[in-house]
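In what follows, a single structure is set out as structure tokens and then discussed.
Bear in mind that the values in this text are calculations on the coordinates, not laboratory data. Just so it is clear, the structure is predicted and the values come from calculations on it, not from any experiment. Here the Cβ positions follow ideal geometry from the backbone for every residue, glycine too, while neighbour counts run over all protein chains shown.
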Amino acid sequence: MRAAASLVFGWLLFAPCAFAVDSSPPLPDPVMQQRYLALTHELRCMQCQNESLADSPVGLAADLRRNVRELVQAGETDEQIRDHMVARYGEFILFRPRMNWRNAWLWSAPVLLMLIGVAVAVRVLRDRRQRLDEEPDVDESVDP
Amino acid sequence: MNRFLLPLAAFALLLLVLIAGLRHASDKGIIVSPLLGKPAPQFSLPDLLDGNTPLQTKALRGHWSLLNVWGTWCVECRAEHQTLLTIKQQGRVLIFGIDWKDDDTQARAFLNELGNPYQRVGADREGRVAIDWGVYGAPESFLINPDGTVVYKHVGGLTPQIWQREFLSRLP
């Protein structure tokens, strides 16, 4: 009972989100509509900055959605549309940053950190084995 | 001793990265315009005050220009208006306005009430030209050199101090 009540309460909490911000009618071509939705979800609303174009109710986001819609209909590719936006607003408009020389170190950081980790692990293991070889019985005899 | 050297070096490196991050923290909110150093975007807008000839990019050539994006709905634009009038009086640049997503009648009333600092004003009723200029919040002001190249952009209201520090220093 309690679980059901909290579930209903949870739904109510999220109810306002169910109203779509984007009230424009869907594009006639379902493939284009799909691309339009994907693009407006991965482009940032520059006014509110942490919302996507699709989720933002401000006027500028509506204008930019119109812009994306027109570019999709004009037959531009996703990459061309991203370039179009970046040329005007800078790379900040992309939620997924592109790799370039300035941020290459950040992209390579996970691999670098893993390599460091492996190197440390190998060294620790090798040291331990060496120690065990040199002075046998010591570690085992201390703890019961 | 040796076994502390590597972690210490790593810590020092981390510290350097964090200090660099803190020093640049103040420019975090500002988005650098990709237009800087590039030719001003092509546009053509109906003139708010004289219905005959549209305001076009070519009007920005041959002299230093300040392109100011404003609207009567924008509180900060009202606040910076006096500064624009002062800049006009100084005569170092010609000021052009883009009236962004506004009502023409209200915009004309605004200029009648507060004075008109603009050489010409284009009415961007649908907000298309503002997107080409990468505008995301009025007021925004662009400094454009006589070749028509965008030299500087300021987001937010102008004050005499900002004009002095960021714009006059870039003029010849």
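Data for the structure
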quantity: Scaled radius of gyration (Cα, divided by 2.2 N^0.38 Å) that the protein assembly as shown gives; calculated: 1.44
quantity: Fewest-first sequence of B:Lys88, B:Lys153, B:Lys38 by Cβ atoms within 10 Å of each Cβ; calculated: B:Lys38, B:Lys88, B:Lys153
quantity: Average other protein chain Cβ within 10 Å of Cβ, residues A:82-90; calculated: 4
quantity: Kirkwood hydrodynamic radius of the range A:25-93, from inverse mean 1/r over distinct Cα pairs, in Å; calculated: 11.9 Å
quantity: Relative contact order, percent, the range B:31-170 [alpha-carbon distance under 8 Å, six or more residues apart]; calculated: 34 percent
quantity: Whole-number D in µm² s⁻¹ for chain B, Kirkwood Cα-pair radius fed into Stokes-Einstein, 4 °C, 1.567 mPa s; calculated: 73 µm²/s
quantity: J(HN,Hα) series, the range A:76-90, from Karplus relation 6.51 cos²θ - 1.76 cosθ + 1.60, nearest Hz, glycine and proline x; calculated: 6, 7, 4, 5, 5, 5, 4, 4, 4, 6, 5, 5, 9, 10, x
quantity: Hits among aspartates and glutamates - C-alpha to C-alpha of B:Lys101 under 20 Å, sequence gap 8 or more where chains match; calculated: A:Asp22, A:Asp63, A:Glu70, B:Asp47, B:Asp50, B:Glu76, B:Glu80, B:Glu113, B:Asp124, B:Glu126, B:Asp132, B:Glu140
quantity: Calculated from backbone phi, Karplus (6.51, -1.76, 1.60) coupling profile of the range B:79-88 in Hz, x at Gly/Pro; calculated: 5, 8, 4, 4, 4, 4, 5, 5, 4, 4
